[in-house]
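Here is the structure we will look at, set down as structure tokens.
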Number of protein chains: 4
Amino acid sequence: MTTNSFGHLFRVTTWGESHGPAIGATVDGCPPGVPVDEAFLQQWLDKRKPGQSKFTTQRREADEVRILSGVFEGQTTGMPVQLLIENTDQRSKDYSEIAEKFRPGHADITYWQKYGIRDYRGGGRSSARETASRVAAGGLARAALKVLAPEVEITGYMTRVGVHEIDRARFDAEEIGRNPFWGPDAEMAALWADYLDGLRKSGNSVGAVVEIVAKGVPAGLGAPVYSKLDTDLAAAMMSINAVKGVEIGEGMAAAMLTGEENADEIFMGNDGKPVYSSNHAGGILGGISTGQDLVVRFAVKPTSSILKPRQTITKTGEAAEIVTKGRHDPCVGIRAVPVGEAMMACVILDHMLLHRGQVGDNRGRIG
Amino acid sequence: MTTNSFGHLFRVTTWGESHGPAIGATVDGCPPGVPVDEAFLQQWLDKRKPGQSKFTTQRREADEVRILSGVFEGQTTGMPVQLLIENTDQRSKDYSEIAEKFRPGHADITYWQKYGIRDYRGGGRSSARETASRVAAGGLARAALKVLAPEVEITGYMTRVGVHEIDRARFDAEEIGRNPFWGPDAEMAALWADYLDGLRKSGNSVGAVVEIVAKGVPAGLGAPVYSKLDTDLAAAMMSINAVKGVEIGEGMAAAMLTGEENADEIFMGNDGKPVYSSNHAGGILGGISTGQDLVVRFAVKPTSSILKPRQTITKTGEAAEIVTKGRHDPCVGIRAVPVGEAMMACVILDHMLLHRGQVGDNRGRIG
Amino acid sequence: MTTNSFGHLFRVTTWGESHGPAIGATVDGCPPGVPVDEAFLQQWLDKRKPGQSKFTTQRREADEVRILSGVFEGQTTGMPVQLLIENTDQRSKDYSEIAEKFRPGHADITYWQKYGIRDYRGGGRSSARETASRVAAGGLARAALKVLAPEVEITGYMTRVGVHEIDRARFDAEEIGRNPFWGPDAEMAALWADYLDGLRKSGNSVGAVVEIVAKGVPAGLGAPVYSKLDTDLAAAMMSINAVKGVEIGEGMAAAMLTGEENADEIFMGNDGKPVYSSNHAGGILGGISTGQDLVVRFAVKPTSSILKPRQTITKTGEAAEIVTKGRHDPCVGIRAVPVGEAMMACVILDHMLLHRGQVGDNRGRIG
Amino acid sequence: MTTNSFGHLFRVTTWGESHGPAIGATVDGCPPGVPVDEAFLQQWLDKRKPGQSKFTTQRREADEVRILSGVFEGQTTGMPVQLLIENTDQRSKDYSEIAEKFRPGHADITYWQKYGIRDYRGGGRSSARETASRVAAGGLARAALKVLAPEVEITGYMTRVGVHEIDRARFDAEEIGRNPFWGPDAEMAALWADYLDGLRKSGNSVGAVVEIVAKGVPAGLGAPVYSKLDTDLAAAMMSINAVKGVEIGEGMAAAMLTGEENADEIFMGNDGKPVYSSNHAGGILGGISTGQDLVVRFAVKPTSSILKPRQTITKTGEAAEIVTKGRHDPCVGIRAVPVGEAMMACVILDHMLLHRGQVGDNRGRIG
């Protein structure tokens, strides 16, 4: 019943504040015998690391992860894995103004109203810095998936920055790693670069849409009726900072389809597995995976720490204008891509463990 | 770690299948001393009850709820409350075909693949019938909210049926109860009636969007970073049958805003509470309520049980065509309105209990 | 986070009051494909049923269990199983006095102090009647164990009534079912009969010790460091009404042994499994099963509802004398035997599911 | 559903191995606004620290605790508190033999059978070193109790070492801190010193009984019927390494009492609170606190790492003799005293939070 944990059997608890000595993830329930080391985890953290382009915060963090427990002689032992990341670049002086004024669109005011104690340095616990811990835990989940379901492949990418959406006809998986936006459409990535440059210079920010796809997920993961696979994915993605909407498959657009259009027809594949004419369902029916690609999308709102002056109030209730200097992301959606991937990895692994615990093995055969 | 439960301190477990003897909800954690009786719960069940118009399934269920425990002399005792609804109209013969063929877009195939045992009668556990149990539990949550936070008011309504969306300029709260769609726009409701009539006659179905608004929710509910108020709302709504997308406030459209546009500016109200220039946030910042209206929206996909013939396979893997006769909802989104309200009531109550448990009282004062 | 539930993956929530319309258990997480019907469950309920001898309460309850969900065509489906037992013999008039006075040694006063609302009829939720629900759930666990681990055999028996303890040299497993005390020592059972007869006639009651042994439990069940097998067994047994102490293996007497005496020496058995020179450990080392017999013992305090007059106070704080008439057990420990067996069955099944979820299969081989 | 966590709202997850780089506790759910610093926590760790007398292990650990998160400007923030203790004295070479042979009475064999991967250095996760993390978390619980219930006072002491039990007539609370055994009976402490000296020299070890008493606990803490206060205390104590039995109040001896003897009679105190003629109940009735002293006792088995040769097998199944050199506690029960206190503090705080979450305030008044 912790509020800083997620997962059923693969359970991740993150801890730490933006400007405390360290952040990290306590992961309980990783199966034993999984080969993993710090270098394996580091590659995912490096994807999320700030300061890699002018389009993300200029804070410099090595984001070096240490494994303090649960791994022995290169393998997980089944014991809790403690993943620790030291904070190294904490310029607390940047945040002095925020201690007194609430940033519009930011958790400043609600943390204060809830707790009466607030770590105002860099947003404290509400900072996107927390997501580094998720990425570390997601790396561990990927290591376990390599053993349990090596065919699973998880890829995240940006489909929209502000009003500019990719053209699916130009979708190129190879392109994703080539631009600083994880964009699968080279033409659109170039446009985003210009667009964000303008926003950044004017001290503004903008929202984005991220899509995460998992291939190779076996049929039968999930469960009725509250720990459905889509329920857990929705919760996982909505829990990421600044996310305001989550979609599975057709998502909100499913409302516009007729039953005839929406029904993904089923055929028998050559390998004895069902194949589908389409994937409106996003790989999930009745909360349980179909074996098709899992497709999840989420919208990230624009960063609320901007140079544009906004009206607000102080802790003592006086009217004030605020301009947030600090070092912030003009489009925090960019760094949400590896975070969404990490959450996807955690949810898939968790449901694989849950399935084998509750059901044992995939029981219903077709044909 | 049950997969049929939700909630932290107000914990609801639903049980039962569409064509078993009964369905119900086991609710643990309702505070003691809450006045409640069966009549109070029944009013919400009557909103969801099938067969009330030609736009919902023609199955006839009294949906009479009985309180079997946890209430004594008209008040809750703090003990688990068992809410039981007998199934009375179970025409199992309608479903014989489904026992062998999988309906495209339906949980038939995934339940089979996962469990190898499937109650094919009316969808068994995957049937929308399960949502009656949620509505009963939601009624109990409303009874508790009347004591703990009498100012909370929860209203759900339909904003879209297929391609036809309401005009917000014509929004009329009074209209919601006057048409069979819970539509706040009288003109659009008339159009929906014609549109759904056509679909129904042609044996087709269509999706919808439902919006749930809660007024009077105090600031400070929610928690970092995985049991956020929006995370729990997203999970609650996504767990409803056929839901494919969930939005908070601006939702997916938040991606299209700049930081300047998205920041709801803050002012000091006359009553010593902050007021906001707008509500892009949908009443939640950093996972914690701001005191503004909570605004949640979700998309419901079209019913997959349709008369239109679709290609599918049988349990033995043979190709087949399927036409689902039975008695189904042409727009299952209609009955999702009271279900969404019920989930909202449960989540708000749950977070009120969680807040007083974890924090004690609203600690941060402004001014 | 319900307080009326136990178990990780096999999760039992009981509900209902002594004099409400019904009691029952909502069981979530029973694996699919387990053959079970009401008759199978009934046999265990019949062991616990009141009124079977003059040594238990004379309340007459059929204790007929009905399965309302989660079983289809004679097998579990993986969905929640609702087990309902109607209350039929509720002579509420017997309890009028208790509504005003608190019975010494009874939950009357603490329920009132905690909740301010108390169902005084027959103890309400605090009544030992609740344990019928546990026995029903335990029956379901036994049905699942018959499939998953058919070699597991669970037997409970009485080892002490008041000052009279069995002689282990006379232990006869066949004798257990032959006397109304589930006593394994015929000579002692005869003595208990006389002793309890005297107590019953004088309106007094007495405590007892119950031992539960599980044979055939595989090595490797349990987990560090808080959901240990012994931790969960201790919690399960301590949660039974009136239990005041729990022991594993040597139990409290382990304090009197030296390390040399206590160390169960290990040898290699002919079947390639380790064998032990003794079982001081009660089948558990480091919270994980060794493959030896699981041995758990618990003490049940005497019934507090007695005819002997005791000093107490009323709800309004006035001094009073109380004599509890009603129909009570002179030795409630007798009926705790099938309850302890049920809890043992639930914990073993739960840890079998947990093990296969978290670890997959028994991984470490010896030899 | 983690197996390394305990608590409902005050939730402690410990992590770390005896010879890894560090151990610690991730504590989620500590209320905000609690004054605490490292020095406050250190005092409890110092009580448990090894190497303080010749009667505990000669391993030298500073056991310095660092607070890495959740505390800001000297107060808790409501965010997760990470407590980290570095391991400094890890003489891994001492344990080489154990890598191949299983110590009788130790978790060596069960960890291997369960996981197939085992950190054999100093027992890894099964080492009593893990309890340092519990003591740190217990210190945090004590800090919170100082704010929420300053009248609560928790004291642990030794009542038995092997066959030598204290004489309650000589009980002297002042004496507890004066001898290395936390013994309340000076005469017995002197005897224990001689006795343990002999055992230590002969390379043997012995068991012990520890009693923990909490005064000033308000009436009304606990909950039916599985998260009872006594259930949670039993689980908490049984989860401590080497514990084999747990008793509340009379404990196992309750079996020997009649109902008349066992019933603690109730009177009205001068302060308007009930007082009791005795405390057989150990402060708990029906799983809920009475306001009397909470009395919990547990037996700790003798350390299994001894110099006395014992028969065992190797990982390859061969017969072997084992003599465990290393640096071990002749009576590990001594260091269990501060651990038991810590668990008591955690459980009381947890139930205080749970009570205010579920019930709000103590509702039933007497008089």
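Just so it is clear, none of the values below were taken in a lab; they were calculated from the coordinates. Since the structure is predicted, the reported quantities are computational estimates derived from the model, not experimental observations. Glycine also receives a Cβ, built like all others from the backbone with ideal geometry; neighbour counts cover every protein chain displayed.
Taking the stretch B:258-367, which GluC sites (Glu not before Pro) meet the DSSP loop condition and have no more than 13 other C-beta atoms within 10 Å? Before the final figure, lay out the partial values.
Values: sites: B:Glu260, B:Glu261, B:Glu265, B:Glu318, B:Glu321, B:Glu341; in loops: B:Glu265, B:Glu318.
Here the sparse-neighbourhood loop sites are B:Glu318.
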For a quick check: with amide H placed at 1.01 Å from N, whose amide H comes under 5 Å from C:Glu64's, ignoring anything fewer than 5 positions away on the same chain? C:Glu86
I want to verify a result. In a Gaussian network model of chain A, Cα cutoff 10 Å, which of these has the top mean-square fluctuation: A:Asp185, A:Asp197, A:Asp230? A:Asp197
Copy-to-copy label separations for A:Arg170, where each label sits 7 Å from Cα toward Cβ, in nm and ascending: 3.9, 8.9, 9.2
homo-copy label distances at D:Leu191 (7 angstrom along Cα-Cβ), nm, one dp, ascending, are 2.9, 8.9, 9.2
Return one number: the angle in degrees, 0 to 90 and rounded to the nearest 10, between the long axis of the Cα atoms of helix C:186-201 and the longest principal axis of the Cα atoms of chain C. 20
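Within a 10 angstrom radius of the beta carbon, how do D:Phe181, A:Phe72 rank from fewest other beta carbons to most? List each step's numbers first, then the result.
Numbers: D:Phe181 26, A:Phe72 20.
Ranking D:Phe181, A:Phe72 by Cβ neighbours within 10 Å, fewest first, gives A:Phe72, D:Phe181.
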Sparsely packed trypsin sites (Lys or Arg not before Pro) within the stretch A:3-72, loop by DSSP, other Cβ within 10 Å at most 13: A:Lys54, A:Arg60
If you fit an axis through the alpha-carbon atoms of helix A:131-148 and take the longest principal axis of the Cα set of chain A, what angle between them do you get, 0 to 90°, nearest 10? 20
For the rotation taking chain A to chain D, the chain A residue with the nearest C-beta to the axis, plus the distance in whole Å, reads A:Thr26, 2
Cα-Cα over 22 Å, subset of D:Lys49/D:Lys101; C:Lys49/C:Lys325; C:Lys146/C:Lys215; C:Lys101/C:Lys308: D:Lys49/D:Lys101
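Would you list C:Phe171, C:Phe10 from fewest to most Cβ contacts within 10 Å?
Values: C:Phe171 14, C:Phe10 29.
Exposure proxy ranking, most exposed first: C:Phe171, C:Phe10.
Normalised radius of gyration for the stretch C:1-109, please: alpha carbon Rg relative to 2.2 N^0.38 Å, two decimal places. Write down the numbers at each step before the final one.
On the way: Rg = 16.7 Å, N = 109, 2.2 N^0.38 = 13.1 Å.
Compactness ratio reported: 1.27.
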Debye intensity ratio I(q)/I(0), log10, chain D, q values 0.12, 0.14 Å⁻¹ (C-alpha model): -0.93, -1.23
Give me the tail of P(r) for the stretch A:74-199 as a percent: Cα-Cα pairs with distance above 19 Å. 69
Taking the Cα centre of the stretch C:121-189 as the origin and placing charges on Cβ (Lys, Arg +1; Asp, Glu -1), which of C:Pro184, C:Ser126, C:Ala144 is farthest toward the positive end of the dipole? C:Ser126
Under-5 Å amide H pairs with A:Val34, H placed in peptide plane, nonlocal only: A:Thr76
To the nearest 10 degrees, how steeply does helix D:38-48 sit against the main Cα axis of chain D, on a 0 to 90 scale? 60
Which one of B:Thr76, B:Ala235, B:Thr324 has its Cα pushed farthest toward the positive end of the charge dipole of chain B, where Lys and Arg give +1 and Asp and Glu give -1 at the Cβ? B:Thr324
So which residue, out of C:Gly245, C:Gly216, C:Gly259, gets the largest mean-square fluctuation from a GNM of chain C using Cα contacts under 10 Å as springs? C:Gly259
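Taking every pair of alpha-carbon atoms in the stretch A:126-284, give the share separated by more than 18 Å as a whole percent.
Numbers: 8884 of 12561 pairs.
Summing the P(r) tail past 18 Å for the stretch A:126-284 gives 71 percent.
Would you mind giving the mean number of other chain beta-carbons within 10 Å of the Cβ of each residue in A:125-138, as a whole number?
Details: counts 10, 7, 1, 0, 0, 3, 1, 0, 1, 2, 0, 0, 0, 0.
Partner Cβ neighbours, averaged per residue: 2.
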Which number do you get for Rg(Cα) / (2.2 N^0.38 Å) in the protein assembly as shown? 0.89
7 Å along Cα→Cβ, label-point gaps from A:Ala149 to other copies, nm, shortest first: 2.7, 3.6, 4.4
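Using a 10 Å cut-off around each Cβ, can you sort B:Leu41, B:Leu257 from fewest to most neighbouring Cβ atoms? Let's see the in-between values first.
Numbers: B:Leu41 25, B:Leu257 22.
With the fewest neighbours first, B:Leu41, B:Leu257 line up as B:Leu257, B:Leu41.
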